[in-house]
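Enquirer: Dumping the structure here so I can ask a few things about it.
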Amino acid sequence: MSEIIHGGLELKSEKITSILEKRKVTNFDPVLSMLIEPTSTLGLITASSLKGFIFSLHVPKNTKYTEYDSTTDGQLDVENFALKIVIISNEEERLLDFNGKRKYTETGEGFRTEADMQQTIWKQSYLTNGGEIAPSVGNITFLEGYDGIIKLLETLKYHINTTSEAIEALNFLISVYKNNNNNNLKLGILLMKNYS
């Protein structure tokens, strides 16, 4: 049974094509297209999360998400997002500190639970009082494969509009993958609406 919810992030109904050649379209393609959009900007919101980093993504053109606007009873493009990027491992592991802050990996189950809880909190608060006490979740992705993860992080690092603080966090993530001998780590990405 499907349920209609007004509010929150909604993927536009336009046809999505794969950004990468010779690959099926995945649920990450809309996010990837916004990340590599030439007009987008990537910044660091915080590095204080124990597990991962929270980035800001501003997409002034070609955004892939909308939200319901009660004032016009229509859809508005969403241009500001928060991205939580974490390193996924089978068990929680301590990493090197980042600028004096402890860092740990996250389990896939823990990351999925976080996304589900956040969406439940958003939905309940929105339906109960019309306010949003947590941002709605637009996408959760688990990326595998050392080469693809490094290529994505390097691409984000060298994006023309990436801030120096974001580059420092991306360098940390890249070094964790490069120093991991058995390459069993995944990358978790959670896309949410950013209210700032």
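The values are calculated or read from the model by the stated rules, or taken from the named source; none is laboratory data. Just so we're clear, the structure is a prediction, and the values are computed from it rather than from any experiment. Methodologically, a virtual Cβ is constructed for each residue, glycine included, from the backbone with ideal geometry; neighbour enumeration extends over all protein chains shown.
Enquirer: Search segment 41-76 for residues being at pLDDT below 75 and in a strand (DSSP E or B), and hand back the single one that is nearest to Leu173 (Cα to Cα).
Expert: Thr66
Enquirer: May I ask you to list the residues in segment 162-189 that are under 22 Å from Met34 (Cβ atoms) and small (Gly, Ala, Ser)?
Expert: Ser164, Ala166, Ala169, Gly188
Enquirer: Taking segment 179-196, which residues are at pLDDT 90 or above and charged (D, E, K, R)?
Expert: Lys186 - this is the single residue of segment 179-196 that is at pLDDT 90 or above and charged (D, E, K, R).
Enquirer: Moving on to the next point. With respect to the numbered conditions (1) part of a loop (DSSP other than H, G, I, E, B); (2) touching a residue at least 60 places away in the same chain (Cβ under 8 Å); (3) not charged (D, E, K, R), which one is the sole condition not fulfilled by Ala134?
Expert: Among (1) part of a loop (DSSP other than H, G, I, E, B); (2) touching a residue at least 60 places away in the same chain (Cβ under 8 Å); (3) not charged (D, E, K, R), the lone unmet condition for Ala134 is (2).
Enquirer: Considering each of Gly138, Gly131, Gly145 in turn, give the residue that is on the phi > 0 side of the Ramachandran plot and at pLDDT below 90.
Expert: Numbers: Gly138 fails: on the phi > 0 side of the Ramachandran plot; Gly131 fails: on the phi > 0 side of the Ramachandran plot.
Criteria check complete, one pass: Gly145.
Enquirer: Check whether at least one residue in segment 94-112 is closer than 18 Å to Asn194 by Cα, at pLDDT 80 or above and of a type in the set (Ser, Thr, Tyr), and report yes or no.
Expert: First, pick out the residues of segment 94-112 that are closer than 18 Å to Asn194 by Cα: none.
Within segment 94-112, none of the residues are closer than 18 Å to Asn194 by Cα, at pLDDT 80 or above and of a type in the set (Ser, Thr, Tyr).
Enquirer: Give the residues of segment 158-174 that are surrounded by 13 or more Cβ atoms within 10 Å (Cβ to Cβ), at pLDDT 85 or above and not charged (D, E, K, R), sorted by residue number.
Expert: Quick first cut of segment 158-174, residues surrounded by 13 or more Cβ atoms within 10 Å (Cβ to Cβ) only: 159, 161-163, 165-174.
Going one step further and asking which of them are at pLDDT 85 or above, we end up with 162-163, 165-174.
Answer for segment 158-174, where residues must be surrounded by 13 or more Cβ atoms within 10 Å (Cβ to Cβ), at pLDDT 85 or above and not charged (D, E, K, R): Thr162, Thr163, Ala166, Ile167, Ala169, Leu170, Asn171, Phe172, Leu173, Ile174.
Enquirer: Take segment 77-131 and flag every residue that is outside any loop (DSSP other than H, G, I, E, B), among the aliphatic types (A, V, I, L, M) and exposed (fewer than 14 other Cβ atoms within 10 Å of the Cβ). Explain how you work it out, then say what you get.
Expert: Filtering segment 77-131 down to residues outside any loop (DSSP other than H, G, I, E, B) leaves 77, 80-88, 94, 98, 101, 104, 106, 108-129.
Applying the additional criterion that residues be among the aliphatic types (A, V, I, L, M) yields 82-83, 85-88, 115, 117, 121, 127.
If the condition is that a residue be outside any loop (DSSP other than H, G, I, E, B), among the aliphatic types (A, V, I, L, M) and exposed (fewer than 14 other Cβ atoms within 10 Å of the Cβ), then Met117, Leu127 are the ones that fit.
Enquirer: Check segment 146-157 and report whether any residue there is outside any loop (DSSP other than H, G, I, E, B), touching a residue at least 24 places away in the same chain (Cβ under 8 Å), surrounded by 17 or more Cβ atoms within 10 Å (Cβ to Cβ) and hydroxyl-bearing (Ser, Thr, Tyr).
Expert: Kept after step one, since they are outside any loop (DSSP other than H, G, I, E, B), are these residues of segment 146-157: 146-157.
Checking the rest, the ones that are also touching a residue at least 24 places away in the same chain (Cβ under 8 Å) come to 146, 149-150, 152-153, 155-156.
With surrounded by 17 or more Cβ atoms within 10 Å (Cβ to Cβ) added as a condition, the list becomes 149, 152-153, 156.
Checking which are hydroxyl-bearing (Ser, Thr, Tyr) leaves us with none.
No, segment 146-157 has no match at all.
Enquirer: Identify all residues within segment 158-190 that are of a type in the set (A, V, I, L, M, F, W, C), in a loop (DSSP other than H, G, I, E, B) and under 18 Å from the mean Cα position of the chain (by Cα); write none if there are none.
Expert: Going residue by residue through segment 158-190, those that are of a type in the set (A, V, I, L, M, F, W, C) are 160, 166-167, 169-170, 172-174, 176, 185, 187, 189-190.
Narrowing further to those that are in a loop (DSSP other than H, G, I, E, B): 160, 185.
Hit for segment 158-190 is Leu185, nothing else.
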